[in-house]
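First up is the structure itself, then whatever we jot down about it.
Read-outs: derived from the displayed coordinates by stated rules, not from any lab. Bear in mind the structure is a predicted one, so any value in this text is a computation, not a measurement. Cβ: placed from backbone, ideal geometry, glycine included. Neighbour counts: every protein chain shown.
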Amino acid sequence: MDFEIREDRQPQGRKKLTAERAACFRLMQQGVCNTEACRIVGINGRTGKRRR
């Protein structure tokens, strides 16, 4: 996958996390569950649930 997890894991705000959001949605479209997709991308599972 061409996605790279950020080194700085500080909160970035809604608009700055578009790459993580897109990567998470791509993984879920490929059949990966929400929890696993969030873990791979490096975001909180609750954040992934809210985005769905």
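Assorted remarks:
- Summarising the label geometry, the points placed 7 Å from Cα in the beta-carbon direction at Ala22 and Thr47 lie 1.7 nm from one another.
- Backbone geometry of segment 28-35 corresponds, through the Karplus equation with coefficients 6.51, -1.76 and 1.60 at θ = phi - 60°, to 3J(HN,Hα) couplings of 5, 5, 7, x, 7, 5, 4, 4 Hz, x marking Gly and Pro.
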